[in-house]
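Bear in mind these aren't lab numbers, they're just calculated from the coordinates by the rules spelled out. None of the values given here were measured: they were computed from a predicted structure. Heads up, the Cβs are rebuilt from the backbone with ideal geometry, glycines too, and the neighbour counts pull from every protein chain shown.
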Amino acid sequence: MRTFLLILLFSSMLLLESSCVGLRQINELAIVTAVGIDTGNKPGTVKLSAQIIRPADARGQTGAPAGGTGQPIYSISAEGNTIFDAIRNLGRFSSRRVYWAHNFMIVLSESYARQGIRDMVDFFTRNHELRMNTWVAVTSDKPDELISTITGIEVVPGEAVDKLFRNNQVVGLAPGSNMMNLEEALLSTSAQPVVARLQLQPRGISNKKPEEHGSLKQVELAGAAVFREDKMIGWLTPKEARAALFFLEKLESGIEVINCPNNENRRLTLEFKNAHMSVKSFYENEKPRFQIRLKSAADIVESGCNVPVEQLRDAADASLEKLMKQRIENVLDKAQKQHHSDFLKLGDIFRNKYPQEWKRVGKDWNQIFAEAKFEIETNVDVKSAVVKAAGDGIK
Amino acid sequence: MSSIQELLKGAFKPSVKENAAVLDQILGNSADVQKRDFLLCGKAGSPGLLCFMDGLADTTLVEAIVRALVVTGSQLNREPAELATAESIRTSLLFNATVKDCPNVREGINGILSGDTLVVVEGLDQALLVSTRGWKDRGVEEPSSENNVRGPRDGFMESIRTNTAHVRRRIKDPMLRFESMVIGTRSQTDVNIAYISDLVKEGLVDEVKSRLNRIKIDSVMESGYIEELIEDAPLSMFNTVQSTERPDKVASALLEGRVAIFIDNTPVVLIVPTFFWQYIQAPDDYYNRYWVGTFFRIVRYFAFLISLMLPSVYVMLVSFHHEMIPTSLALTIASGREVVPFPVLLEALIMELAFELMREAGLRMPKPIGQAVSIVGSLIIGQAAVQAGLVSPFMVIIVAITGISSFAIPSYSSSLAIRMFRFPLMIASGFLGLLGFSTMFFALLLHALSIRSFGESYLAPASPYRPTDQRDTMLRLPMWMLDERPGFAQDVDRMGDNQMPATPLQKGE
């Protein structure tokens, strides 16, 4: 009995001994949902802006009146010599402790990305509070403006952009770049990073003033930024980004618009499905060669051609094949000729097949990649079986 | 007092007057002691005396004794001289069902105090003890703490004989034995140990008897007295003795080779040995089809986990591990907590205590008022406290789910134990987060693993793992698969082979 009571006493004292280390109530945190990084006003400094949720306004009135501005987010920015310095300086404005574990995305300004992102990647992977599945994007706008814009249907704008990234395969115009694959590409010698592009576009229509078209800015996810090592070197257009997605994320579907085979002024919309790209690499005469095959099925989803499907099929096959091939050629050209950066991760494929050779040529992959040859073959099969009365002869 | 003890040790004397004096001295002049004198066979030469307790003895049975001794004796023209021994009166005159000779005073007094009638006749050196027990009983009712939908509705009541009869009616096996003993120096409470002699775990009956014989106490008011004096882990919050109000539970426990302890004056019967998982099993599991039984048993396991851990997990997540909550949920919780002035641990403790308060108040109040208490309580706690910003709506939900879950555990006494375990878990996780929670949980687990109930591991058959007993632990497999008793029974075979029913083949198939 005595020992029992002693154990009880000591264990309860042990609990007090901990003095609640690490205790932070959830309502004492400033939960960050998006962070923007820009170059500071003074050279060599970093300007960091954070989108912080105001829970009471983001979730409406639960229980007692919470009061507030009605705005779901509270955005602040701070400057510092390094990212962490800037984060600590955020504390000058934020009444609550800034909490990063629920961060959805990191938005880099073009100027910051062009200076090099190694610092940023180091900080965001080193810190235990930050997650590796945070989205990373580059913007040509001001990041602080972008993250403080109310966008999307979601109450919290960060969540809206998170959904954009999650559904990036639907539109298929930007890569779903997160911290994990960014760091992977940065550490790899056989691949270069490519990061999605976010932009502000005046596409939102105000309910109060619908006549002022596009008076509200919305965040658009389209295109990508290409890096060489840790420095950004240029942009990809949305269409180029789509071609890159075949290489990077095994894009399966998307839509393409082509001209009607019978009428140049009318349009035929095709949705390609079950696209499958296979890339094979060869090493001949000290030069790499890549055989790229894209095989895909497609459906006619909108036709202005006014002829039955059977008459369209072959022509549609051919023109979509041509279009796809051109897209792939374009992006390969960008990677090889313009940016000299193997962001399509062809180096990975080469290294996997020729590990011995890679030991020799890996160091100079960028030069060798510039001399690589490509054979591109696309094969599209329009399988649309939609029995839709179309064309004069059928009605 | 010593003279009374000596008197109790003595034997009855041939003189009625002397015996009456002894009875007077021992029983005093208690208001409920009734004495009735009579003349055996109506003859003046042989007076006699009946002594019984008013209220305990059935007066019609007492009247029958008098009629037999006086009227029948004289009608048959019997002579008192022929009836000179207690045996001759018993065998040739009395027609009451249970009559026994009673040589010493102690036995006679005990009989009187239990509702029997003591008969002394002039010239006999023995008294007769006629069973006339019959008092006002509560009728057999549905057990109030263990309800079911399908299955028998009778419950135990306060009379031990009725209770044993309930079980005997269910098991008409000559091997079902009830062994009687008396506990309580003053209360002289009847205690019966029930077991099926060719099934019961070997040595168990002796162990139960020796533990019961150890008890030296003045009175036993309820089976809880016995439970606390025989259990294996007296310091533990776990109860290692099962208690039930249901005769079918007792009968099935006996058929599994366990021992039941009946105690007079209480509708609660004890069953040993006990396993932890039994508290989560209900008779309905067996009476309904096995799909339903298994499903609801799993639901109850969840209820057990929720009622034990949900508040602690909530406290731990909200005050330490915010990254483990999905973002949208974190926002919802944070917005609800925005105006709450207390830390989560305190909020949880306040709400849990408020809930226990309501439960206790609802239980203690007279029944019609009990409902009013719960309405007022739920309105105040659920609505006003949230609106006033004292507690967050999420905490109300957590406490409500926890409360409902704890009511889903069939055994009320063990649901109380689980409810108490919640508090150390909650405090540990409020101080140290996941670390504290897991430490405390592990300590609980180690403790539960360390205790035994009458020689059986408390967490069996999960630990030590017994593969054959798994058929009826987490799951309730179909009846035709439950062909074995638990391993400790003497005879584990309870069913023939191939009991699975099937549609008979048609002719020609």
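Some notes on this structure:
- Largest to smallest principal axis extent of the C-alpha atoms in region B:3-74, angstrom: 39, 29, 17
- In region B:412-509, inverting the average of 1/r over every pair of distinct C-alpha atoms gives 17.3 Å as the Kirkwood radius.
- Cross-link partners for A:LYS287 among the lysines, with Cα-Cα distance under 21 Å and sequence neighbours closer than 8 places in the same chain left out: A:LYS334, A:LYS337, A:LYS345, A:LYS353, A:LYS359, A:LYS363, A:LYS373.
- Across q = 0.06, 0.09, 0.10, 0.13 Å⁻¹, chain B modelled as identical point scatterers on its alpha-carbon atoms has Debye log10 I(q)/I(0) values of -0.43, -0.81, -0.93, -1.23, in the order of the q list.
- Restricting the calculation to alpha carbons of region A:26-236 gives Rg and Dmax of 17.0, 57 angstrom.
- Measuring nothing but alpha carbons in region B:286-457 and taking Rh as the Kirkwood radius, the Rg to Rh ratio lands at 1.01.
- Most positive-pole-ward Cα, A:ASN133, A:SER94, A:GLY234, against dipole of region A:26-236 from beta carbon charges: A:SER94
- A:VAL301-B:MET500 FRET efficiency (beta carbon distance; Förster radius 56 Å; 0.05 resolution): 0.50
- Compactness index (Cα Rg / 2.2 N^0.38 Å), chain A: 1.23
- The protein assembly as shown: proportion of alpha-carbon pairs further apart than 36 angstrom, %: 69 percent
- Cysteines without a disulfide-compatible neighbour (Cβ-Cβ under 4.7 Å), the protein assembly as shown: A:CYS20, B:CYS41, B:CYS51, B:CYS102
- Once the gyration tensor of the Cα atoms in region A:239-395 is diagonalised, the equivalent ellipsoid follows with semi-axes of 38, 13, 11 Å, ordered largest first.
- At R0 = 56 Å, FRET efficiency that the Cβ-Cβ distance of A:ARG24 and A:THR269 yields, to 0.05: 0.60
- Across every direction, the projection of the convex hull enclosing the Cα atoms of region A:177-298 has a mean area of 12.4 nm².
- Net dipole in debye of chain B [+1 Lys, Arg Cβ; -1 Asp, Glu Cβ; about Cα centre; nearest 20]: 540 debye
- Selection from B:GLY139, B:GLN470, A:GLN367 lying farthest towards where the dipole of the protein assembly as shown points positive, charges on Cβ: A:GLN367
- Checked against a 32 Å cut-off, the cross-linked pairs B:LYS13/B:LYS43; B:LYS35/B:LYS172; A:LYS280/A:LYS322; A:LYS231/A:LYS383 give Cα-Cα distances beyond that limit for B:LYS35/B:LYS172; A:LYS231/A:LYS383.
- Spatial separation of Cα centroids for region B:142-197 and region B:247-318, in angstrom: 19 Å
- Between the beta carbons of A:ASP333 and A:LEU216, assuming R0 = 30 Å, the FRET efficiency works out to 0.20 to the nearest 0.05.
- Volume of the Cα convex hull of region B:373-412, divided per residue and given in Å³: 63 Å³
- Each of B:SER453, B:GLY151, A:HIS276 was placed along the dipole of the protein assembly as shown (beta-carbon charges, centred on the mean Cα), and the one lying farthest toward the positive end is A:HIS276.
- Kirkwood hydrodynamic radius of region B:2-130, Cα pairs, Å: 14.4 Å
- For A:TYR112, B:TYR412, order by how many other beta-carbon atoms lie within 10 Å, fewest first: B:TYR412, A:TYR112
- Kirkwood hydrodynamic radius of region A:178-231, Cα pairs, Å: 13.4 Å
- Rg followed by Dmax, in Å, when region A:240-314 is reduced to its Cα trace: 16.3, 53
- For region B:151-200, fraction of C-alpha pairs farther apart than 16 Å, in %: 48 percent
- Globularity ratio of region B:160-274, using Cα Rg and 2.2 N^0.38 Å: 0.98
- With neighbour counts taken as other beta-carbon atoms within 10 Å, the residues B:ASP472, A:ASP317, A:ASP85 rank, fewest first, as A:ASP85, A:ASP317, B:ASP472.
- 10 Å binning of all Cα-Cα separations within region B:187-253, expressed as whole percents from 0 upward: 16, 48, 34, 2
- Share of pairwise Cα separations in region B:85-219, more than 25 Å, in percent: 47 percent
- Ordering A:ASP333, B:ASP190, A:ASP342 by the number of other Cβ atoms within 10 Å of each residue's own Cβ, fewest first, gives A:ASP333, B:ASP190, A:ASP342.
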